[in-house]
Amino acid sequence: MKVLVTYMTQTGNTKKIADAIYEAVDEDKDIKDINEVDSLEGYDLAFIGFPIHQFNAPDEVKNFLNNNTNGKDIALFITHGAPSDFDQVSDWVSKSKEAAKDANIIDVFQCQGEVSKEIMDMLQNSGDPQMQQFAELVSKGKGQPDETMVQKAKQFANDVLTQKKAWTK
Ligand SMILES: Cc1cc2nc3c(=O)[nH]c(=O)nc-3n(C[C@H](O)[C@H](O)[C@H](O)COP(=O)(O)O)c2cc1C
């Protein structure tokens, strides 16, 4: 089986999870920035990771999912500034999955990722109480994804592979 791990990252959080997944995969495997991937041809399974931007997958990721995942077995991994159990996270995940609606999405991993200082400053200085409240919420994610999350991501990768193998038997 040939496996691809591909990701978009700006500050390294999603790449940290990508590296953990790649390490856990005990198959013929590649890891690539999403900008280096032209298609999923030749891969039996792709793990596709990205951060949430403005409550959704970034446009370039949505385009990639729309254009490349039709009929493919994929698993998504998503990082965001909010805590994992924040009630809006499931909405953001659903919206992201919508962009890959013609894929077979085996599973989705999501976790908190520390928000860059630039974004924190922007939220704090916005003058918008809702944004400032959000800044307070995401400030608790300093140091995420941590080692516990890295281990969870590895477990996720193993579980996805087990499911994929069960189907292709
Ligand atoms: C432009 C921008 C928009 C963001 N919007 C959200 C958001 O809507 N919800 C959220 O929880 N985090 C948001 N974040 C935080 C990132 O999703 C989070 O820090 C993520 O882990 C960054 O991943 P990366 O280091 O791989 O780029 C945003 C970050 C940026 C830069």
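Points worth noting:
- Across the options I52, V138, T69, the greatest Cα extent toward the positive end of the charge dipole of the chain (unit charges at beta carbon of Lys, Arg, Asp, Glu) belongs to T69.
- Segment 92-154 - charge dipole about Cα centre, Lys and Arg +1 at Cβ, Asp and Glu -1, debye rounded to 20: 200 debye
- Local charge for D146 was computed over the other residues whose Cβ lies under 11 Å away, with Lys and Arg +1 and Asp and Glu -1, and equals +1.
- Beta bridge orientation in the chain: antiparallel %, DSSP, nearest 5: 5 percent
- Difference of contour (0.36 nm per residue) and Cα-Cα distance, L137 to N104: 8.6 nm
- Rounded to the nearest Hz, the phi-derived 3J(HN,Hα) couplings of segment 71-77 under the Karplus curve 6.51 cos²θ - 1.76 cosθ + 1.60 (θ = phi - 60°) are x, 9, 8, 9, 9, 9, 10, where x marks glycine and proline.
- Local electrostatic count, P83, Cβ distance below 15 Å [Lys/Arg +1, Asp/Glu -1]: -3
- Think of each Lys and Arg Cβ as +1 and each Asp and Glu Cβ as -1; about the Cα centre, that makes the dipole of the chain roughly 300 debye.
- Taken along its principal axes, the alpha carbon cloud of segment 95-164 reaches lengths of 48, 31, 16 Å, longest axis first.
- Principal-axis analysis of the Cα atoms of the chain puts helix 59-68 at an angle of about 10° to the longest axis.
- As a ratio to 2.2 N^0.38 Å, the alpha-carbon radius of gyration computed for the chain takes the value 1.03.
- Theoretical FRET efficiency, 1/(1+(r/R0)^6), r = Cβ-Cβ of S39 and T11, R0 30 Å, to 0.05: 0.65
- When the chain is treated as a Gaussian network with alpha carbon springs shorter than 10 Å, the biggest mean-square fluctuation among D85, D128, D26 belongs to D128.
- Within straight-line reach of K62, meaning a Cα separation under 24 Å, sit the following lysines at least 8 residues removed in sequence or on another chain: K2, K15, K16, K29, K32, K72, K95, K97, K101, K164.
- The Stokes-Einstein estimate for segment 46-142, based on a Kirkwood radius over Cα pairs and taken at 25 °C with 0.890 mPa s viscosity, is a diffusion coefficient of 175 µm²/s.
- With each label modelled as a point 7 angstrom along the Cα→C-beta vector, the N56-Q155 pair spans 3.3 nm.
Throughout, read-outs are computed from the coordinates displayed, never taken from laboratory work. None of the values given here were measured: they were computed from a predicted structure. In this analysis, Cβ positions are derived from the backbone assuming ideal geometry, glycine residues included, and neighbour counts consider all displayed protein chains.
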